[in-house]
Amino acid sequence: MMPTTSSRRAAVASTSPTAPDAPAVKRDRTHYLYIAVIAAVGLGIAVGFAAPDFAVELKPLGTGFVNLIKMMISPIIFCTIVLGVGSVRKAARVGKVGGLALGYFIAMSFVALAIGLVVGNIVHPGSGMHLTEAVKGVGHTQAEAAAEGPVDFLLGIIPTTFVSAFTEGQVLQTLLVALLVGFALQAMGRQGEPVLRGVEHIQKLVFRVLGMIMWAAPVGAFGAMAAVIGETGMDALKALATIMFGFYITCFLFVVIVLGTLTKLVARVSLFQLLKYLGREFLLIVSTSSSESALPRLIAKMEHLGVSRPVVGITVPTGYSFNLDGTMIYLTMASLFIADAMDQPMSIGQQIGLLLFMMVASKGAAGVSGSGIAVLASGLQSHKPALVDGVGLIIGIDRFMSEARAVTNFAGNAVATLLIGTWTGEVDKDRVNRVLAGELPFDERTLLDDDSAGRSELPEQGGEKELAKA
């Protein structure tokens with residue numbers, strides 16, 4: 001028998017650090033891990049400048065760590081969505097969450113494109129640059145390796161086999177399989193409950209493995225940072241500081257003004273409190289230049305925050321393919337930079353047409369470093385082939401711009417999850433306030449709460465009324 005909402009909250013309150021008879025809480029040792037990550041980043045920068053050739057050879061350390069994290073993404077998404085969808089009584093709730101999420105993602109993509117266009121046309125970041133023969137071939141190489149067309153992308157969502165969705169590491173394929181399994185368990189009723197309990201145990205195991213992998217973060221951060229500094233040094237930064245500075249400022253304004261305003265007006269939560277709560281994830285993204293490295297932890301933390309499991313399970317994985325705010329800003333400013341650098345400025349009409357194409361082409365692009373440059377080359381190849389030669393100009397600093405892209409994408413998905421949960425009545429607002437105030441700390445050892453399964457049911461009572469009104 002499931003515990004009632006009041007009994008669950010009473011149980012949480014009894015274990016809260018503020019309770020007078022609460023037992024001594026075991027000290028969280030994971031803060032040493034993130035101190036080590038910061039030290040590793042600093043050491044990687046030092047090694048990159050002191051011994052660039054040696055530093056480049058350390059790149060596999062960073063790649064290996066990111067691959068370890070990516071290895072866990074498919075099982076975590078599968079378990080989260082199956083548990084969320086399978087435990088919901090009405091399938092219409094899942095469709096409502098998914099439709100609302102996609103509508104929000106499209107709207108925010110247009111906002112990001114518009115901001116990038118305005119800033120790019122004011123700053124003109126590529127003015128004064130000179131194209132050399134050495135960089136002309138780079139863009140064509142990237143265009144050939146770019147993402148496939150819209151039809152191939154849609155067909156690619158369907159896995160070859162049921163199991164290949166997990167072995168090929170495709171987020172959207174895993175999402176499709178998990179939704180089908182979740183709806184099937186939903187239709188099975190009581191007969192599906194043993195399967196749901198089994199999936200819940202598997203989820204605990206998967207998150208425990210992820211917690212073990214996280215102890216390799218300092219090694220991965222050291223290798224990734226040393227390699228990029230060794231490859232680029234300061235020359236690329238000095239030559240292309242204008243677009244980097246403009247891009248960073250634009251991303252900052254988008255997060256603070258647009259996302260901050262939405263968070264305050266809709267969820268009644270301070271954006272800075274939310275970002276502070278996700279501070280360790282941002283450190284992980286900056287050190288690896290990959291937002292995918294923080295995807296599993298975002299799922300766990302948003303559930304812990306008080307957003308229901310169905311909303312988290314649908315919004316976060318979908319957002320990683322469709323809610324790429326940072327990538328939208330990057331594609332806008334990079335296109336204008338290349339056009340100005342090659343003395344082939346585009347009219348407003350050409351800019352809008354090119355960027356609308358890129359918005360479609362970028363959907364499904366992974367949050368891994370380097371994916372943005374391929375989409376950029378592909379868009380230019382399709383709409384203005386003469387500009388593809390200029391893609392090589394931006395290669396040198398793409399890694400540094402990738403960090404801002406990944407951080408902005410991650411912040412956008414965290415905010416989107418909270419907003420979608422609020423709009424659908426699938427958020428425990430009291431818990432959100434307590435978590436952000438530090439009263440209910442996140443368990444870094446297991447990455448899961450003991451009451452997580454129960455909490456996913458909390459909105460079933462209050463949330464049903466909200467959905468019925470919509």
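The values are calculated or read from the model by the stated rules, or taken from the named source; none is laboratory data. Note that this is a predicted model, so its numbers are computed, not measured. Heads up, the Cβs are rebuilt from the backbone with ideal geometry, glycines too, and the neighbour counts pull from every protein chain shown. Areas reflect the complete protein model, heavy atoms only, side chains present, ligands, DNA and RNA absent. Shrake-Rupley method; radii C 1.70, N 1.55, O 1.52, S 1.80 Å.
Quick check, is residue 318 farther than 22 Å from residue 74 by Cα, of a type in the set (Val, Ile, Thr) and touching a helix residue (DSSP H, G or I) at 6+ places or on another chain (Cβ under 8 Å)? When the stated conditions are applied, residue 318 does not pass them. Considering only residues in the stretch 302-312 that are over 13 Å from the mean Cα position of the chain (by Cα) and either assigned to a helix (DSSP H, G or I) or of a type in the set (S, T, N, Q) (or both), the one that is surrounded by the most Cβ atoms within 10 Å (Cβ to Cβ) turns out to be 311. Determine whether the stretch 204-217 contains at least one residue that is over 26 Å from the mean Cα position of the chain (by Cα) and more than 28 Å from residue 334 (Cα to Cα). No, every residue in the stretch 204-217 fails to be over 26 Å from the mean Cα position of the chain (by Cα) and more than 28 Å from residue 334 (Cα to Cα).
You will find that of 189, 260, the residue that is closer than 17 Å to residue 413 by Cα and part of a helix (DSSP H, G or I) is 260 and no other. In the set (1) open to solvent by less than 20 Å² (accessible area, probe 1.4 Å); (2) without any contact (Cβ under 8 Å) to a residue 60 or more places away in the chain, the condition left unmet by residue 296 is number (2). Here 39, 114, 46 are screened, and the one residue that is surrounded by fewer than 22 Cβ atoms within 10 Å (Cβ to Cβ), out of contact with any Ser or Thr (no Cβ under 7 Å at 6 or more places or on another chain), over 30 Å from residue 195 (Cβ atoms) and touching a residue at least 24 places away in the same chain (Cβ under 8 Å) is 39. Of (1) farther than 30 Å from residue 53 by Cβ; (2) modelled with pLDDT under 90; (3) open to solvent by less than 20 Å² (accessible area, probe 1.4 Å), residue 279 satisfies all except one. Which? The failed condition is (3).
Answer yes or no: is there a residue in the stretch 434-453 that is at pLDDT 70 or above, among the hydrophobic types (A, V, I, L, M, F, W, C), surrounded by 23 or more Cβ atoms within 10 Å (Cβ to Cβ) and not in a helix (DSSP H, G or I). No.
Just so you know, in the stretch 418-432 the residues that are among the acidic types (Asp, Glu) and under 14 Å from residue 309 (Cα atoms) include one that is modelled with the lowest pLDDT, and it is 426. Against the list (1) in a helix (DSSP H, G or I); (2) surrounded by 16 or more Cβ atoms within 10 Å (Cβ to Cβ); (3) touching a helix residue (DSSP H, G or I) at 6+ places or on another chain (Cβ under 7 Å), the condition residue 215 fails is (2). Among the conditions (1) part of a helix (DSSP H, G or I); (2) open to solvent by 40 Å² or more (accessible area, probe 1.4 Å); (3) modelled with pLDDT under 80; (4) in contact with a helix residue (DSSP H, G or I) (Cβ under 6 Å, 6 or more places away or on another chain), residue 139 misses just one, which is (2). Report every pair of residues separated by at least 6 positions or lying on different chains whose Cβ atoms are under 8 Å apart, first residue within the stretch 192-210 and touching a residue at least 60 places away in the same chain (Cβ under 8 Å) and part of a helix (DSSP H, G or I), second open to solvent by less than 50 Å² (accessible area, probe 1.4 Å) and among the charged types (D, E, K, R). Listed pairs, sorted by first residue: 210/297. Going residue by residue through the stretch 454-461, is there one that turns out to be touching a helix residue (DSSP H, G or I) at 6+ places or on another chain (Cβ under 7 Å), at pLDDT 85 or above and open to solvent by less than 40 Å² (accessible area, probe 1.4 Å)? No; the residues of the stretch 454-461 include none that is touching a helix residue (DSSP H, G or I) at 6+ places or on another chain (Cβ under 7 Å), at pLDDT 85 or above and open to solvent by less than 40 Å² (accessible area, probe 1.4 Å).
When each of 107, 165 is tested for being under 21 Å from the mean Cα position of the chain (by Cα) and at pLDDT below 80, the lone residue that passes is 165. Here residue 265 fulfils each of the conditions (1) surrounded by 16 or more Cβ atoms within 10 Å (Cβ to Cβ); (2) out of contact with any helix residue (DSSP H, G or I) (no Cβ under 9 Å at 6 or more places or on another chain) apart from (1).
If I filter the stretch 341-352 down to residues being open to solvent by less than 30 Å² (accessible area, probe 1.4 Å) and part of a helix (DSSP H, G or I), which single residue comes out as nearest to residue 110 (Cα to Cα)? Once the filter is applied, the top-ranked residue is 351.
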